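The next block holds one structure in the form of structure tokens; read it before the comments.
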């Protein structure tokens, strides 16, 4: 493993005695319903580039004033974001190629923006939340903004007031809003608030809500039909349909799994949230209390040394905050059971006892 | 359906009485072995971005002097091409952003090249084959070339002499070769010749050999480890792992399916090739005899009118040659059974009887 760690060094890595606070994926299995179709499955041909019709019909019932035409099913939320940024970049041209990012951010965002030929501009969060005064100045020079509430890595949920302010100013300025709401079903404090507007692109997936990360089924939804059509045009050439079987499994999740599954999951996440939050506070660390998603982002002295030594000596995977634009912090995903969280906390304590904090 | 047809109008389209010479996908099902793992499948977590280790180990046995590290499993050959072009574009910078394309070409190539921020340069095929005199002049101004032998849409296989000339000049010039060999197991005239070299990126998939189009499992292989690593870096952010279940199905195909499956498929394709080739020749059309893949590309008067009327009046899907850089031709995929090919030919005859040729 090189000194310059990257997410690819950790994603999918597991092994004896390793406790991973790394990858952001549920440890509990998907609902059994998604596997029920497998024994009799026999399709194999290309599907529609835009996504299976039955899945888009179900999604259209979940979003207000939408139709199946305004969705594109993608290889996870990642591809939805990538395709949207590529479309916006092509439309914006070289003149106005900036994308606003609240910081700390999900580590892929700046990379995706650059891969699409655009440039990230940052607005620093205050206490893990958007500083609208700074936001409203910086948004003027941008053609798009990525909002991620609940947030990976902060665990924070933006206030509805802020989200409405963002809706208003972006509509006035004609700026695209990429609203990455993959944690919308994992909020401890209130119902999700769906950001709306003529240039809003809502991005979501089946990965977090239904623990289906490995199957890579995400989607985007927008009232901007021209943008949706441009996304389909790119996807036709760059990946074609999303895996047809993954889509059928997602359809089963969306139609057969009772709401109680999601409610029960949320209770489990909340107990883990309490455990890790209080555990790290008791170790003397400075961190925000998560309101959604399953991450904490404590301040740690010499975070890169911490990440490296925790992995090599204590077999604990954590992610350096610098990947997320938070170089004085470390990200812990708490997507593992209470016993493992407790054991992980004991190992963190060992490190802190030795190195201080 | 608009006057400006695009592939997205047809892919995945089917219906009563429609005969589709459109989409390039096998009509016969995958080997039964690929479905056998489904009833007991239970994984769900993120996989390695580079691709499942077991699948890459099997692939490494199929390619000379390769290791599992030199492969990336992708969402079909499409994503492999897209990621490779994005890497080459970033490395080449703005100075040398041209990619050479033999013409006629697979319709996605020019789009992919442009989406990656590069510019296609064309070398006209002579009688469906590369004109090396023209090739060797034009390659000088390019940072990459896409070779597709056997070719979609021409059905032609390049001579080994030409392929060796291409190996030599591209190695001398340091030009990347993207060798799209997805039809390597569908050659009627000889064994496939694997293009080799330090800057060759071989692209392949399970879609054609094993009829697994809808599952979207492709891969790339290169001896240029730096390029492979850059591909992984982009994929980490733009789509993450390829669907884990699709990869396991591909692993079953690669390990459990006997060679006789592929040999038998080839016999079926060859009988169909003979049927459609002779049928169209007998209708007085001018076309190349396919040596591989499953396409014919006859010359047709007013090709766009032909495609539109064949679809609307005769319920036959064909693709206009202009998508492939062959505006005086029409592409027929013969991935359908003999009876349907015969019926399709009867309908083409009706059109030609009415409109002449």
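Full extension from residue B:171 to residue B:313: what is 0.36 nm times the residue separation minus their Cα-Cα distance, to one decimal in nm?
Answer, rounded to one decimal: 46.0 nm.
Averaged over peptide A:230-238, how many Cβ atoms belonging to another chain are found within 10 Å of each residue's Cβ?
6
With each pseudo-label sitting 7 Å past Cα toward Cβ, what's the residue A:189-residue B:42 distance in nm, one decimal?
Output for this residue pair reads 3.8 nm.
Can you tell me which of A:30, A:110, A:64 moves the most in a GNM of chain A? Springs connect C-alpha atoms under 10 Å apart.
A:64
Please state the equivalent ellipsoid semi-axes for region A:37-256: what are the square roots of 5 times the Cα gyration tensor eigenvalues, largest first, in whole Å?
29, 20, 15
Pick out which of A:206, A:332, A:215 has the largest mean-square fluctuation in a Gaussian network model of chain A, springs linking Cα atoms closer than 10 Å.
Sorting by GNM fluctuation, first place goes to A:215.
So if I restrict to the alpha-carbon atoms in region A:235-334, what is the Rg, and what is Dmax, the biggest pairwise distance, in Å?
Answer for region A:235-334, Rg first and Dmax second: 18.6, 52 Å.
Evaluate the Kirkwood expression for the hydrodynamic radius of region B:196-288, namely the inverse of the mean inverse distance over all pairs of different C-alpha atoms, and round to one decimal in Å.
16.4 Å
Please work out the Cα center distance from region A:328-357 to region A:37-77, rounded to the nearest Å.
Comparing the Cα centres of region A:328-357 and region A:37-77, I get a distance of 40 Å.
Using a 10 Å cut-off around each Cβ, can you sort A:171, B:124 from fewest to most neighbouring Cβ atoms?
Fewest to most other Cβ atoms nearby, the residues stand as B:124, A:171.
Among A:301, A:61, A:98, which one shows the highest mean-square fluctuation when chain A is modelled as a Gaussian network with alpha-carbon springs under 10 Å?
Between A:301, A:61, A:98, it is A:61 that shows the largest mean-square fluctuation.
Mind checking the alpha-carbon convex hull of the protein assembly as shown and giving the volume per residue in Å³?
154 Å³
Does anyone have the angle between helix A:53-62 and the longest principal axis of chain A? Alpha-carbon axes, 0 to 90°, nearest 10?
70 degrees
Using only alpha carbon pairs under 8 Å that are at least six residues apart, calculate the relative contact order of chain B and give it in whole percent.
Dividing the mean separation by the residue count of chain B yields 24 percent.
Using only atoms on other chains, find how many Cβ atoms lie within 10 Å of each Cβ of peptide A:108-118 and report the average.
Partner-chain Cβ atoms within 10 Å, mean over residues of A:108-118: 3.
Calculate for chain B the 222 nm mean residue ellipticity that helices alone would give, adding -39,500 (n - 2.57) per DSSP H run of length 4 or more and normalising by residue count, nearest 500 deg cm²/dmol.
Mean residue ellipticity at 222 nm (helix-derived): -12000 deg cm²/dmol.
At what distance in nm do the modelled label points of residue A:275 and residue A:343 sit from each other, each positioned 7 Å from its Cα along Cα→Cβ?
So the label points at residue A:275 and residue A:343 sit 1.2 nm apart.
Any read-out appearing in this document is the output of simple, stated calculations on the displayed coordinates, not a laboratory observation. Because the structure is predicted, anything quoted here is derived from the model rather than measured. Note: ideal-geometry Cβ built from the backbone for every residue, glycine included; neighbour counts use all protein chains shown.
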